[in-house]
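Since the structure comes first, as structure tokens, the remarks are kept for the end.
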Amino acid sequence: VQARKERDFRELLLGALREITPVVEQQRFGVYFSDFYLPEFSLVVEYDEPHHLSPGRQRLDSARQSLIEDKFRVAFLRVESDREIEGLNQIFRIILAQNRSGTTHG
């Protein structure tokens, strides 16, 4: 069950990228799933609510992220709760940078 803040971020993200690039929800990477995946840019977007800030959870998230990055050759962007606009702006910067350098995968 998706928490309200993550649902709100989902709507923001999907609405903002609707005309730009596909966004896959709950993309499977081995035994793990990502919150959002932009396949054209090999970008995983994880929405981190406050429970992701505990040291134990951060270690688990970091290990999971490293495994996915290494095995599937994707980049990760973590968007913290209450920093949704900053996260969306980071996504736009990544898209623009890849488009300028011609490194998109689509």
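Only the coordinates and a few stated rules stand behind these numbers; no lab work does. Owing to the predicted nature of the structure, the values given are computational and were not obtained by experimental measurement. For neighbour counting, all protein chains shown are included, and Cβ atoms are generated from backbone atoms with ideal geometry for every residue, glycine included.
What is the distance, in nm, between label points placed 7 Å from the Cα along the Cα-to-Cβ direction at residue 70 and at residue 58?
Reported label-point gap for residue 70 and residue 58 is 2.1 nm.
Could you work out how far apart the two model spin labels at residue 16 and residue 33 are, taking each label as a point 7 Å from the Cα in the direction of the beta carbon, and quote it in nm?
Computed distance between label sites residue 16 and residue 33 equals 2.3 nm.
Using the Cα centre as the reference, give the magnitude of the dipole from point charges on the C-beta atoms of the chain (Lys, Arg: +1; Asp, Glu: -1; all else neutral), rounded to the nearest 20 debye. Before the final figure, lay out each step's value.
Numbers: 15 positive and 17 negative charges, 52 e Å.
Magnitude of the dipole: close to 260 debye.
Just want the answer: with Cβ charges of +1 for Lys and Arg and -1 for Asp and Glu, which residue in 29, 95, 76 is farthest toward the dipole's positive end in the chain?
Value: 29.
Filter the GluC sites (Glu not before Pro) in the range 1-96 to those in DSSP coil with at most 16 other Cβ atoms within 10 Å of their Cβ, and list the result.
On the way: sites: 6, 11, 19, 25, 40, 46, 69, 80, 84, 86; in loops: 19.
When the GluC sites (Glu not before Pro) of the range 1-96 are filtered for loop state and at most 16 Cβ neighbours within 10 Å, 19 remain.
When only Cα pairs under 8 Å and 6 or more residues apart are kept, what is the percent relative contact order across the chain?
Working: 110 pairs, mean separation 24.9, N = 106.
Normalised by residue count, the contact order of the chain is 23 percent.
Residue 27: net charge of surrounding residues, Cβ under 12 Å, Lys/Arg +1, Asp/Glu -1, itself excluded?
Details: positive: 28; negative: 25, 35, 46.
Charge balance in the 12 Å sphere: -2.
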